[in-house]
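What follows is a short report on a single structure.
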Amino acid sequence: MKVSFAHMGTSPIAFEMLLQDLGHEVIYPPKPSERTLSLGVQYAPEFACIPFKIVLGTYVELLMAGAETLVSAGGYGPCRAGFYGEMHRRILQDVGYDFELIFFFPPLKKPADFYRKLLKLKGKNSWRTLIYAVRKAWLMLQTLDDLEIRSHQVRARELKRRDTTAAFRKGLTYLREARSFSEIKEARAAALEELEKVERDDTREPLKVGIIGEIYVQLEPFANFHIEELLGELGVETRRSIFLTNFTRHDILSAAGDKTAIKLAQSYLGQKIGGHGQNSVGDIIRFSQSGYDGVVQLAPFTCIPEIVAKSIIPYLSKKFDIPVFTFFIDEQTGQAGVETRLEAFVDLMHQRRARKREMIQQAG
């Protein structure tokens with residue numbers, strides 16, 4: 001069967017390899033575009049959030065390309081994302097598409113359901129083959145995360161604009177060609193070497209900004225207007241609170257969640273409200289304690305967990321002395337407006353850093 005899934009950051013490289021290792025014909029998901037969003041807006045309810053609309057539009061593109069089975073995953077709890085798989089399926093079937101949607105809930109929440117759906121993807125392969133394929137995909141995800149983290153460090157210090165982005169994309173081509181454990185490790189070394197070739201000024205002390213918020217708009221550059229590239233080219237080193245590997249450890253393979261973020265948030269938001277709302281509160285405190293210059297919250301418009309977190313942010317910003325800037329994103333958000341607001345935020349952080357240094361000098 002022809003299988004595919006929604007595009008989310010660099011993760012399709014790992015998921016394509018996993019499904020191919022299990023013998024499936026994979027249609028590689030296209031990067032989301034304005035056409036993708038337009039298709040999603042056309043069929044989605046108006047109140048649905050931007051991740052819902054982009055993923056729905058991607059599914060339409062994939063079904064038009066011949067996909068027969070779509071694979072997805074979502075949460076289970078207060079956040080309505082757990083209902084999105086069923087909503088996507090019904091909308092697309094009403095439009096007239098004939099397909100199967102395999103929607104995975106976290107294994108600890110619905111173990112029997114997870115096992116039944118896993119068997120569908122496993123097919124006639126042995127459990128040994130499945131475990132080998134999963135281990136290899138996990139190594140690929142770790143490698144992709146490491147490459148992204150290093151690119152954010154290099155980009156903030158590059159001498160020629162967009163050199164880092166070009167090196168990063170070249171590194172991704174190496175990884176997509178890798179298929180064995182040894183090839184992944186070799187491709188990782190080659191990809192990191194491409195980043196090390198970028199001419200940069202390592203004496204710079206760039207601003208450091210933490211990025212928090214909902215997982216899809218953090219991980220998918222189209223959804224966040226390539227915010228990490230934009231900030232990096234403004235001389236800012238960024239660090240997301242969510243990478244797919246840490247999300248898997250904390251939220252999929254564990255019922256506890258990110259214990260550090262939850263503990264920090266406990267005095268200000270003492271219960272889980274779905275999505276990443278509680279994490280966003282804790283991560284603001286964590287970034288402040290780690291000496292970051294600011295935080296950017298990325299939130300889909302109408303996302304209730306992030307709206308709740310946003311209501312607490314002014315207090316946290318003042319108490320922990322760290323500026324926090326919130327982007328609520330929907331299909332009406334424009335690139336030019338995002339860039340202008342980011343530039344203003346960066347100027348604010350530079351002024352704030354200069355004032356702090358001046359105060360230290362005067363005190364000394």
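The values are calculated or read from the model by the stated rules, or taken from the named source; none is laboratory data. For clarity, every value in this text was computed on a predicted model and none was experimentally measured. For neighbour counting, all protein chains shown are included, and Cβ atoms are generated from backbone atoms with ideal geometry for every residue, glycine included.
Has segment 260-269 got at least one residue that is surrounded by fewer than 16 Cβ atoms within 10 Å (Cβ to Cβ) and within 27 Å of S11 (Cα to Cα)? Among the residues of segment 260-269, at least one is surrounded by fewer than 16 Cβ atoms within 10 Å (Cβ to Cβ) and within 27 Å of S11 (Cα to Cα), which makes the answer yes. Tell me yes or no: at least one residue of segment 274-288 is closer than 21 Å to L342 by Cβ, over 20 Å from the mean Cα position of the chain (by Cα) and either part of a helix (DSSP H, G or I) or not assigned by TED's automatic domain parsing to the domain that holds G74 (or both). For segment 274-288, residues closer than 21 Å to L342 by Cβ, over 20 Å from the mean Cα position of the chain (by Cα) and either part of a helix (DSSP H, G or I) or not assigned by TED's automatic domain parsing to the domain that holds G74 (or both): present.
All conditions in (1) at pLDDT 95 or above; (2) part of a loop (DSSP other than H, G, I, E, B); (3) not charged (D, E, K, R) hold for Q271, with the sole exception of (1). Considering A190, A167, the condition of being without any contact (Cβ under 8 Å) to a residue 40 or more places away in the chain, surrounded by fewer than 20 Cβ atoms within 10 Å (Cβ to Cβ) and among the hydrophobic types (A, V, I, L, M, F, W, C) is satisfied by A190 alone. Among the conditions (1) over 15 Å from the mean Cα position of the chain (by Cα); (2) surrounded by fewer than 20 Cβ atoms within 10 Å (Cβ to Cβ); (3) aliphatic (A, V, I, L, M), the only one that A73 does not satisfy is (1).
The rows are residues; the columns are (1) β-branched (V, I, T); (2) surrounded by 21 or more Cβ atoms within 10 Å (Cβ to Cβ); (3) closer than 23 Å to K136 by Cα; (4) touching a strand residue (DSSP E or B) at 6+ places or on another chain (Cβ under 9 Å).
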| residue | (1), (2), (3), (4) |
| --- | --- |
| K2 | no, no, yes, yes |
| D21 | no, no, yes, no |
| R35 | no, no, no, no |
| Y43 | no, no, no, no |
| T58 | yes, yes, no, yes |
| L62 | no, yes, no, yes |
| A67 | no, yes, no, yes |
| R89 | no, no, no, yes |
| F99 | no, no, no, yes |
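Residues in segment 37-57 that are over 18 Å from E306 (Cα atoms) and of a type in the set (V, I, T): V41, I54, V55.
If the condition is being touching a strand residue (DSSP E or B) at 6+ places or on another chain (Cβ under 9 Å), of a type outside the set (D, E) and buried (at least 17 other Cβ atoms within 10 Å of the Cβ), then segment 126-152 contributes only H152.
When V346, V308, V296 are screened for being touching a helix residue (DSSP H, G or I) at 6+ places or on another chain (Cβ under 8 Å), closer than 21 Å to P51 by Cβ, surrounded by fewer than 22 Cβ atoms within 10 Å (Cβ to Cβ) and outside the structural domain of P111 (by TED's automatic domain parsing), only V308 passes.
Exactly one residue among I91, I149 is closer than 22 Å to E214 by Cβ, out of contact with any helix residue (DSSP H, G or I) (no Cβ under 9 Å at 6 or more places or on another chain) and aliphatic (A, V, I, L, M), and that residue is I149. Those helices (runs of 4 or more DSSP H) of segment 15-132 in which at least 2 residues are touching a Lys or Arg at 6+ places or on another chain (Cβ under 9 Å), considering only elements entirely within it, cover 34-43, 50-64.
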